[in-house]
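A short worksheet on the structure shown next.
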Amino acid sequence: SYPFTSGDGSYSNPYEISNAQNLANLAYMVREEGEDYSGKHFVMTNDITLNENLVNADCTDRNTGDNFQKWTPIGKYGSWSDNKFKGDFNGNSHTIYGLFIEANDYYNGLFGVVDEGTIRNLTIADSYMCASYPFGSNYYGFVAGQTSYSTLLNCHVKNSCVRNIDNASQNKLAIGGLVGRSLKYDVFRKCSFNGNFVLHSFHIKSLVTAGGILGVGNKVKLYSCSTKGKFKVTGSP
């Protein structure tokens, strides 16, 4: 009946995200209830651990085991529906640990789709993303699958790894350490990625694009952003 710890969503009294359930409730409200939270404010009040010991020692894959909880993105299927996040999400210098992302929709990340929103002061760490190609176009990013007319300020991904798995089709794939696709007119300030990409091109006619900050972008502005880590790429061109 009340999905968040406290708050009314105003600037002076933002909705408080204090635990994993609050975060999952936000995903539910946007995806299933159609709340875009335009003009509303959120603040994290604690670090949140979604999975422990998710990433292996050299940060190239996830540890074995079936007990890890996969994340359902906040927002979905952005080009044809209104299930987008349009609010202001302030991580408040807190960290989300153990984010486990696999194909859930066209747009996959902590946020599926952010439109005219702001994500700031957020760190994602010790997390894992496995990209596959179930749809014609597929977008993956630890912060968001897709953004447009949005701002990412002081957002960081640390000690996190990305892989992709077999593509029997000729579908498109874009993977970013922060955002899979910046559709248009996004601004990134003081953002960083530190981790590893291990990618394979399975089909010579499939298109795979990847980058530490962005998988693919259009009319994007980046200020004081950085990436650090390893890209291992094998397969056809």
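Assorted remarks:
- Cα lying deepest toward the dipole's positive end in the chain, options A27, I175, Y15, charges on Cβ: I175
- Protein accessible area in the chain, 1.4 Å probe - carbon and sulfur %: 44
- Projecting the Cα positions of S137, F100, L110 onto the charge dipole of the chain (unit charges on Cβ atoms of Lys, Arg, Asp and Glu, taken about the Cα centre) puts S137 furthest along the positive direction.
- Calculated FRET efficiency, E102 to N46, Cβ-Cβ distance, R0 = 45 Å: about 0.95 to the nearest 0.05.
- A P(r) calculated from all alpha carbon pairs of segment 142-222, with 10 Å bins opening at zero, reads 19, 48, 26, 6 percent.
- The value of relative contact order for the chain, using C-alpha pairs under 8 Å at least six residues apart, is 15 percent.
- Taking 0.36 nm per residue of separation and subtracting the Cα-Cα distance, full extension of the segment from T234 to N67 would add 57.2 nm.
- Computed log₁₀ I(q)/I(0) - Debye formula, equal Cα scatterers, no solvent, segment 30-139, q 0.19, 0.22, 0.24 Å⁻¹: -1.06, -1.26, -1.34
- Here the relative contact order of segment 111-184, from alpha carbon pairs under 8 Å that lie six or more residues apart, stands at 44 percent.
- Inter-label distance, nm, simple model (7 Å from Cα along the C-beta direction), S12/E32: 3.4
- Extension gain from T209 to N56, taking 0.36 nm per residue of separation minus the Cα-Cα distance: 52.6 nm
- Residues whose amide H falls under 5 Å from that of L222, counting only those 5 or more places apart or on a different chain, are F188, with hydrogens built in the peptide plane.
- Solvent-free Debye scattering, log10 I(q)/I(0), computed from the Cα coordinates of segment 126-182 at q = 0.23, 0.27 Å⁻¹: -0.90, -1.10
- Computed over the chain, Kirkwood Rh from alpha-carbon pairs, angstrom: 17.4
- Computed with a 1.4 Å probe over protein heavy atoms only, the accessible area of S137 comes to about 30 Å².
- Between 0 and 90°, nearest 10: helix 20-31 axis offset from the chain longest Cα axis: 80
- Note on K219: lysines with a C-alpha under 19 Å away, same-chain residues under 8 apart excluded, are K184, K190.
- Total charge dipole magnitude, the chain, about the Cα centre, Cβ charges on Lys, Arg, Asp, Glu only, Debye to nearest 20: 1000
- Expressed as a fraction of 2.2 N^0.38 Å, the C-alpha radius of gyration for segment 61-116 is 1.30.
- Probe 1.4 Å - accessible area at R181, Å² to nearest ten: 50
- Two numbers describe the Cα atoms of segment 98-202: Rg and Dmax, which are 12.9, 39 Å.
- Segment 32-105, relative contact order [Cα under 8 Å, separation at least 6], %: 51
The values are calculated or read from the model by the stated rules, or taken from the named source; none is laboratory data. Small disclaimer: the values here were computed from a predicted structure and weren't measured. Cβ coordinates were reconstructed from backbone atoms using ideal geometry, including for glycine residues, and neighbour counts include every protein chain displayed. Side chains included, ligands, DNA and RNA excluded: accessible areas come from the protein's heavy atoms. Shrake-Rupley method; radii C 1.70, N 1.55, O 1.52, S 1.80 Å.
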